[in-house]
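I have placed the structure first, in the form of structure tokens, so that the comments after it can refer back to it.
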């Protein structure tokens with residue numbers, strides 16, 4: 001069981017790194033689906049030889065949402081929005097991988113600095129969770145296409161779920177709450193499908209990049225405020 | 001009894017979805033607001049028991065924030081009547097159905113009203129929940145219920161604002177969930193600690209918690225819920241959402257939602273106080289408070305959009321409220337009073353801004369001149385609002401800002417007090433330029449010949465802001481005993 005748990009964590013970290021360098025959105029969705037499965041299964045492995053029935057139920061529903069439902073919806077809206085590749089992210093792929101490595105080091109360092117935990121946790125669980133959260137946040141801010149931002153949010157959320165699951169907090173109702181975060185993802189996916197948000201607003205009106213901002217010169221503002 | 005605060009709006013939200021007549025639906029909106037307010041007033045006289053093993057408890061801080069929310073909602077719902085009527089006249093013919101579900105067609109206005117009522121219900125749930133998980137769910141639900149309200153105008157700008165609002169707030173909510181987990185990690189592993197996520201049990205057994213984990217949890221809570229509350233530098237969604245939403249929705253977002261988010265942070269602050277970590281959480285409150293004041297001052301200067309200016313002013317006032325809690329002692333009372341005053345004043349200002357926007361058809365401060373000549377009553381309220389929001393006597397905000405300042409000196413935070421004064425005066429001057437330029441002067445005749453027809457000052461568009469203005473004026477002169485008691489008991493829970 002111990003090895004299995006650690007293996008899942010290492011796989012998760014590898015998936016995070018892969019997400020940083022893949023530009024094909026279909027591939028990214030698949031990676032996130034695998035990650036969703038791993039994240040869902042970790043609490044069951046962590047619970048040891050005789051997990052309670054509630055742990056199983058939570059795991060099943062988490063996997064159903066994170067690994068089946070959301071990826072299907074995401075691929076559908078990927079087809080509707082007709083985006084295949086993230087061509088020109090704010091941070092280039094080679095820079096992303098360096099930032100990813102920095103995040104990895106940072107998360108191990110942070111986990112090392114954390115106060116002593118009175119629980120039996122795998123040594124890679126906490127750094128793994130922090131790493132996943134960091135990568136998720138990085139994907140949200142560094143990608144241009146709405147769909148990849150949503151994928152980033154999903155990764156961020158997987159990290160939080162993983163933290164709760166790996167630390168055996170499952171009988172306290174908080175891990176179950178984590179699944180509720182997926183409602184947001186659902187809303188985002190709907191937003192993409194219904195309102196055709198494909199880029200984060202840059203392509204709607206290329207001559208006024210990010211129109212709602214205070215950092216533009218005066219003429220633009222008065223013109224837009226009039227709209 | 002407590003359950004009614006949540007159930008009444010939910011039921012009428014469902015009803016609003018299926019009512020065909022616009023007039024009836026608007027009447028329902030106002031009636032629900034009135035019933036909710038009536039329930040809240042009754043709760044001052046009737047003792048309410050806790051529900052569901054203490055998941056829902058109606059305590060002093062909750063009551064205070066619920067009263068603010070409910071009162072503001074009632075005012076906003078009255079204002080909404082006129083707004084929605086004008087909007088449906090304006091879009092006549094193009095009023096296509098929002099979406100279809102089998103046999104029912106829901107109009108845009110029906111969906112909007114439903115969301116507004118759900119928004120009230122979720123905010124009420126935030127104020128009464130004493131289970132931190134439930135509080136978190138309620139907070140998430142406020143985001144979801146209010147997002148369609150921001151997207152009312154159905155254009156690219158409001159879509160962008162809604163998207164930003166959802167994305168930024170959902171990350172904040174995610175971080176707050178992480179805070180909840182850290183709070184559980186802080187409990188002793190053998191199960192001797194507090195009951196899972198029950199606020200009261202955490203406060204009672206706070207000494208058993210591991211201080212480092214509790215500190216980390218507080219950081220995640222203040223960042224997570226602080227995103228929602230609009231503490232700088234996490235406020236970036238706020239100016240967009242406030243400027244794009246219909247004016248009375250902005251009033252609700254600013255006057256009610258931000259307070260509710262603040263209540264979420266205050267709940268964890270209660271645990272920190274009980275655990276003897278008040279010095280730590282108060283320091284964070286002070287840092288975020290001063291930061292918000294600074295950011296607001298920078299962005300208010302030369303602001304070209306008056307609704308954005310009001311939004312930044314909300315950031316400023318949230319900063320002041322956080323600062324007051326951070327100073328502790330009597331300043332917490334000042335903070336609570338400030339929350340009340342700010343909600344009243346900002347509610348009024350957003351509604352007046354809505355009148356001005358409807359008349360001039362622009363949010364640009366350059367194009368709005370001579371409000372006095374065009375809409376004399378709104379112009380008058382706008383000027384009064386300027387003096388009220390900048391904390392000029394005799395308005396209520398002066399009293400609360402002064403209490404906070406006084407306590408900053410008493411507790412020896414001289415540098416903080418100095419910066420507080422400097423930033424407040426910068427904001428006063430910056431806002432003065434914008435406000436006074438708008439009301440004075442004479443409008444260029446040919447330019448506003450067109451929008452002239454669109455808007456006249458009707459009863460429902462000036463009455464709610466006038467009431468709010470009168471109240472904040474009264475609070476500046478005299479604070480009634482029951483309010484003083486309510487504020488003092490609320491402040492006591494947060495180290496006041």
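The values are calculated or read from the model by the stated rules, or taken from the named source; none is laboratory data. All of these numbers come straight from a predicted model, not from anything done at the bench. Positions of Cβ are generated from backbone atoms using ideal geometry, with glycine treated the same way; all protein chains shown enter the neighbour counts.
Name the helices (runs of 4 or more DSSP H) wholly within segment B:327-437 that hold at least 2 residues that are closer than 21 Å to residue B:488 by Cα and touching a helix residue (DSSP H, G or I) at 6+ places or on another chain (Cβ under 9 Å)?
B:330-360, B:396-410
Which of (1) touching a helix residue (DSSP H, G or I) at 6+ places or on another chain (Cβ under 7 Å); (2) in a loop (DSSP other than H, G, I, E, B) does residue B:133 not meet, given it meets every other one?
Evaluating residue B:133 over (1) touching a helix residue (DSSP H, G or I) at 6+ places or on another chain (Cβ under 7 Å); (2) in a loop (DSSP other than H, G, I, E, B) leaves (2) as the failure.
Name the residues in segment B:51-68 that are touching a helix residue (DSSP H, G or I) at 6+ places or on another chain (Cβ under 8 Å) and either loosely packed, with under 13 Cβ neighbours inside 10 Å or not in a helix (DSSP H, G or I) (or both), would you?
Matches in segment B:51-68: B:51, B:54, B:55, B:56, B:57, B:58, B:59.
State the number of residues belonging to segment B:348-368 that are under 17 Å from residue B:431 (Cα atoms) and within 13 Å of another protein chain (Cβ to nearest Cβ).
So the answer is 8.
Of all residues in segment B:209-222, which are within 12 Å of chain A (Cβ to nearest Cβ) and in a helix (DSSP H, G or I)?
B:211, B:212, B:213, B:214, B:215, B:216, B:217, B:220 - these are the residues of segment B:209-222 that are within 12 Å of chain A (Cβ to nearest Cβ) and in a helix (DSSP H, G or I).
Tell me, yes or no, whether segment A:110-119 has at least one residue that is away from chain B (no Cβ under 14 Å), surrounded by 13 or more Cβ atoms within 10 Å (Cβ to Cβ) and touching a helix residue (DSSP H, G or I) at 6+ places or on another chain (Cβ under 8 Å).
No, that holds for no residue.
What about residue B:116, is it touching a residue at least 40 places away in the same chain (Cβ under 8 Å), crowded, with 24+ Cβ neighbours inside 10 Å and either under 29 Å from residue B:254 (Cα atoms) or more than 12 Å from every other protein chain (Cβ to nearest Cβ) (or both)?
yes
Show the residue pairs meeting these rules: Cβ distance below 6 Å; 6+ apart or different chains; first residue within segment A:93-119 and assigned to a helix (DSSP H, G or I); second residue surrounded by fewer than 15 Cβ atoms within 10 Å (Cβ to Cβ).
Partner pairs satisfying both residue conditions: A:93/A:21; A:97/A:21.
Is it the case, given these coordinates, that residue B:163 is modelled with pLDDT of 90 or more and assigned to a helix (DSSP H, G or I)?
Answer is no for this residue.
Conditions first: (1) more than 9 Å from the chain's Cα centre (by Cα); (2) under 17 Å from residue A:101 (Cα atoms). Residue A:137 passes all but one, so which condition is the exception?
In the conditions (1) more than 9 Å from the chain's Cα centre (by Cα); (2) under 17 Å from residue A:101 (Cα atoms), residue A:137 misses (1) alone.
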